[in-house]
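The values are calculated or read from the model by the stated rules, or taken from the named source; none is laboratory data. Small disclaimer: the values here were computed from a predicted structure and weren't measured. Heads up, the Cβs are rebuilt from the backbone with ideal geometry, glycines too, and the neighbour counts pull from every protein chain shown. These area figures cover heavy atoms from the full protein model, side chains too; ligands, DNA and RNA do not enter into them. Shrake-Rupley method; radii C 1.70, N 1.55, O 1.52, S 1.80 Å.
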Amino acid sequence: MTAPEPGSAGHSGDLPDGPGVPVPEHGAWLRRGISRNGGPLVEDREVVWLQAGSYYADSRGFAGTTSFDGSQVHFHHLTGEPGEDAGTFRWDGANLVERGTNPDGSTFLEVWTPLPADDGACGSWSGPDHHVVRLGRHVVHVDSRTGTYWRL
């Protein structure tokens, strides 16, 4: 699947510079596309990110906590893929557009679309080698090997 190019309908490639916004305290997000190192915006798999308070889980296989320094959101990986990444978020309609830098120095731009969520159970649970975040009917489980997304 190919997502829209930056600047095309449904995505603004000309977002203003300056401080970003914090991520919503609770949210279920489906990635619509990623651009790596300034390349085209594409999507080749389903990626879901859940945020429950300061805890998050990403179906690519990492989970942990987020913090906001007034400009960038930092994703501290506590379970799964090690590391930390930081990004600047901007609203583009209902979508969140994230620009950031990976631990290896490469850059990315991701477009996140909200998933419909209900007012069901919401929370984060962790053990010595796993982390689970649930937001309504959406659940992401991350362990040392992989991340898994379920819709209940």
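As a length-normalised measure over Cα pairs under 8 Å and 6 or more apart, the relative contact order of the stretch 91-152 settles at 19 percent.
I want the local charge near Phe75. Using Cβ-Cβ distances under 9 Å, sum +1 for each Lys or Arg and -1 for each Asp or Glu among the other residues.
On the way: positive: none; negative: Asp58, Glu84, Asp85.
Once positives and negatives cancel, what remains is -3.
Here the simple spin-label model places points 7 Å from the Cα toward Cβ, and for Arg36 and Asp92 these points are separated by 1.9 nm.
How high is the relative contact order of the stretch 46-152, in percent, counting Cα pairs under 8 Å that sit 6 or more residues apart?
Numbers: 265 pairs, mean separation 29.0, N = 107.
Taking the mean separation of contacting Cα pairs over the length of the stretch 46-152, I get 27 percent.
Using the 1.4 Å probe convention, the accessible area of the chain works out to 50 Å² per residue with neighbouring protein chains retained. For the stretch 42-96, treating each Cα as an identical point scatterer without solvent, what Debye log10 I(q)/I(0) comes out at q = 0.22, 0.28, 0.29 1/Å? With one equal scatterer per Cα and no solvent, log10 I(q)/I(0) is -0.96, -1.24, -1.25. What separates the Cα centres of the stretch 75-146 and the stretch 23-53 is a distance of 8 Å.
Find the Cα radius of gyration of the stretch 7-137, compare it with 2.2 N^0.38 Å by division, and give the number to two decimals.
Numbers: Rg = 14.3 Å, N = 131, 2.2 N^0.38 = 14.0 Å.
In units of the 2.2 N^0.38 Å rule of thumb, it is 1.02.
Expressed as a whole percent, the accessible area of the chain that falls on carbon and sulfur atoms is 51 (1.4 Å probe).
The length gained by stretching the chain between Ser106 and Glu43 to full extension, at 0.36 nm per residue less their Cα-Cα distance, is 20.9 nm.
A Cα-only calculation for the stretch 78-152 places Rg and Dmax at 14.4, 39 Å.
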